[in-house]
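Below is one structure, written out as structure tokens; the observations come after it.
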Amino acid sequence: MVSPASLFLLVLELDHCVRANYPSAGSAMTDFTRRPAPIYIRSPLARVLYYRMVHDQQHVDSVHGEWYKAKLQKFTEEVCDKFLPCHQDDGTKQFLDKCYEKADWIFTQMAHSFAKAILSWFMTQTSVNGLLGRGSMFVFSSQQFQDLLEVDASWKAQSLLDLGAGDGVVTQHMEKYFEEIYTTEISGPMRRRLTDRGYSVLDIAEWSNGTRQYDVISCLNLLDRCDQPMAILSDMRRSVSPEGRVIVAVVIPFSPYVESTSDKKPTELLHLKGATFEEQVTSFIKDVFEPARFTVTKFTKVPYLCEGDLHRSFYKLTDAVFVLKPS
């Protein structure tokens with residue numbers, strides 16, 4: 001535990017480090033985008049907080065246009081016509097602002113780091129996050145969801161199924177458009193958080209047993225974390241209503257990691273071609289979705305954001321988000 005006196009000394013040391021690297025710190029013209037000069041910071045905690053603060057200043061006022069850009073000339077005309085340009089909107093900015101705020105809860109972050117080190121011995125990372133109430137994700141805002149489905153704010157459908165919904169923070173951006181919200185999640189702590197939000201939590205074998213169909217099924221960053229991705233696509237094809245839509249988000253470059261298997265590898269592999277965002281998007285369309293009897297109506301490029309810790313206020317990967325209809 002850090003005493004108030006130690007925290008005060010820590011702040012003084014951080015202030016000294018900032019002023020040493022940015023002589024005009026505190027003025028409106030301070031340039032936090034340049035690389036800081038190499039410095040020595042005695043306290044390991046002060047060092048971590050200092051570099052996190054520098055990272056924050058490089059991002060806090062940025063609109064992050066590069067996060068959303070794709071090389072459209074690398075796509076065929078048919079694929080290019082389906083690309084939806086996105087940008088950092090208010091919903092995304094609000095999530096980032098919350099990340100900056102929570103990262104400043106130093107004592108909470110220290111407690112989480114200690115608990116994570118202990119709990120990780122006998123719990124998955126997902127369950128640890130669910131138990132501690134940390135690590136919420138962001139894929140798209142409500143407005144971006146509307147743009148992907150080509151609907152307006154008044155649009156309403158009967159049912160949404162969110163597969164692998166985690167703590168439900170991403171589900172929240174879609175819930176107002178549906179009368180009924182169904183979710184799945186294998187992590188016990190995460191299932192409890194979904195129940196607390198009022199969502200119906202289905203067993204893994206229940207959602208695709210043919211008893212109901214859904215207007216929209218979302219499968220966000222699940223295909224690279226499940227054992228049999230093609231089987232899930234097949235189940236979604238059977239479970240979505242004939243006029244419904246499936247929304248699939250995948251991290252590019254695609255790199256499977258399955259928490260539930262001993263070697264962390266899936267038993268069913270997706271045979272993708274290429275290494276770049278554009279190459280793998282094209283391969284997903286031609287080699288994964290079309291064989292699964294889906295047609296891509298829209299796709300976009302967005303950041304896949306995660307709440308951070310002591311080291312970073314947020315973490316980012318690159319997502320391709322596809323809207324599919326049964327073909």
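The values are calculated or read from the model by the stated rules, or taken from the named source; none is laboratory data. Just so it is clear, the model here is predicted, and its values are computed rather than measured. Here Cβ is always computed from backbone atoms with ideal geometry, including for glycine, and neighbour counts include all displayed protein chains. When the accessible area is computed, the model is the full protein with side chains, heavy atoms only, and any ligands, DNA or RNA have been set aside. Shrake-Rupley method; radii C 1.70, N 1.55, O 1.52, S 1.80 Å.
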Figure the gain on full extension for Glu279 and Cys80 (residue separation times 0.36 nm, minus the Cα-Cα span) and round it to one decimal in nm. 70.4 nm
From the Cα trace of region 109-190, what convex hull volume per residue do you get, rounded to a whole Å³? 92 Å³
Quick one: if you stick a label point 7 Å off each Cα along the C-beta vector at Leu132 and Asp227, how many nm between them? 2.7 nm
Per residue, how much accessible surface does the chain expose to a 1.4 Å probe? Answer in Å², no decimals. 51 Å²
CD proxy, 222 nm, the chain: helix-only mean residue ellipticity via -39,500 (n - 2.57) per DSSP H run with n ≥ 4, per residue, nearest 500, stands at -10500 deg cm²/dmol
Rounded to the nearest 5, what is the percent of antiparallel bridges among the DSSP beta bridges in the chain? 50 percent
Explain nothing, just compute: Karplus ³J(HN,Hα) = 6.51 cos²θ - 1.76 cosθ + 1.60, θ = phi - 60°, for every residue of region 210-224 in order, whole Hz, x for Gly and Pro. x, 7, 8, 10, 10, 6, 9, 10, 10, 10, 9, 6, 10, 4, 8
Can you give the extra length, in nm with one decimal, that the chain gains between Tyr257 and Thr195 once fully stretched, where that is 0.36 nm per residue apart less the Cα-Cα distance? 19.7 nm
Treating only Lys and Arg (+1) and Asp and Glu (-1) as charged, each at its beta carbon, one finds that the chain has a dipole about its Cα centre, in Debye to the nearest 20, of 720 debye
I need to check one value: relative contact order of the chain, counting alpha carbon pairs closer than 8 Å and at least 6 residues apart, in percent. 19 percent
Top positive-direction residue, dipole computed over the chain with Cβ charges, set Ala249, Val60, Phe284: Val60
Nearest 10 degrees is fine. How inclined is helix 229-239 to the longest principal axis of the chain, computing both from alpha carbons? 60 degrees
Of the heavy-atom accessible surface of the chain (probe 1.4 angstrom), what whole percent is carbon and sulfur? 54 percent
Using θ = phi - 60° and the Karplus form 6.51 cos²θ - 1.76 cosθ + 1.60, what ³J(HN,Hα) does each residue of region 243-251 get, whole Hz, x for Gly and Pro? 9, x, 9, 10, 10, 10, 10, 9, 6
Can you give me the long-range amide H partners of Ser200? Hydrogens built in the peptide plane at 1.01 Å from N, cutoff under 5 Å, separation of 5 or more residues or another chain. Ile181, Thr183
Between Glu268 and Val151, what is the label-to-label distance in nm when each label sits 7 Å out along the Cα-to-Cβ direction? 2.7 nm
Exposure rule at most 15 other beta-carbon atoms within 10 Å, DSSP loop GluC sites (Glu not before Pro): the chain longest free segment: 1-149
DSSP loop (so not H, G, I, E, B), at most 16 other Cβ within 10 Å: list which trypsin sites (Lys or Arg not before Pro) in region 249-315 pass both filters. Lys264, Lys273, Arg293
Just to check I understand the Karplus step: with θ = phi - 60° and J = 6.51 cos²θ - 1.76 cosθ + 1.60, what whole-Hz values come out for region 318-327, glycine and proline as x? 9, 10, 9, 10, 10, 9, 10, 10, x, 10
Filter Lys74/Lys286; Lys69/Lys93; Lys102/Lys298; Lys176/Lys264; Lys265/Lys301; Lys176/Lys286 down to the pairs with a C-alpha to C-alpha distance above 24 Å, please. Lys102/Lys298; Lys176/Lys264; Lys265/Lys301; Lys176/Lys286
Hey, what's the Kirkwood Rh for region 163-261 if you take every pair of different alpha carbons, in angstrom? 14.0 Å
Paired Rg and Dmax values of region 49-97, which use every Cα atom, in angstrom: 15.2, 47
Trypsin sites (Lys or Arg not before Pro) restricted to DSSP loop in region 172-212 with at most 12 other C-beta within 10 Å: Lys176
Beyond 32 Å, what percent of the Cα pairs of the chain remain? 35 percent
What is the gain in length, in nm to one decimal, between Lys93 and Arg47 on full extension, counting 0.36 nm per residue of separation less the C-alpha to C-alpha distance? 13.9 nm
Any chymotrypsin sites (Phe, Trp or Tyr not before Pro) in region 84-160 that lie in a DSSP loop and have at most 15 other Cβ atoms within 10 Å would be Trp105, Trp121, Phe122, Trp155
How are the Cα pair distances of region 43-160 distributed, in percent, across 5 Å bins from 0? 2, 8, 13, 14, 15, 15, 13, 10, 7, 3, 1, 0
Cα-based shape type of region 264-327, given that a ≥ b ≥ c are square roots of the gyration tensor eigenvalues and the cut on a/c is 1.5: prolate
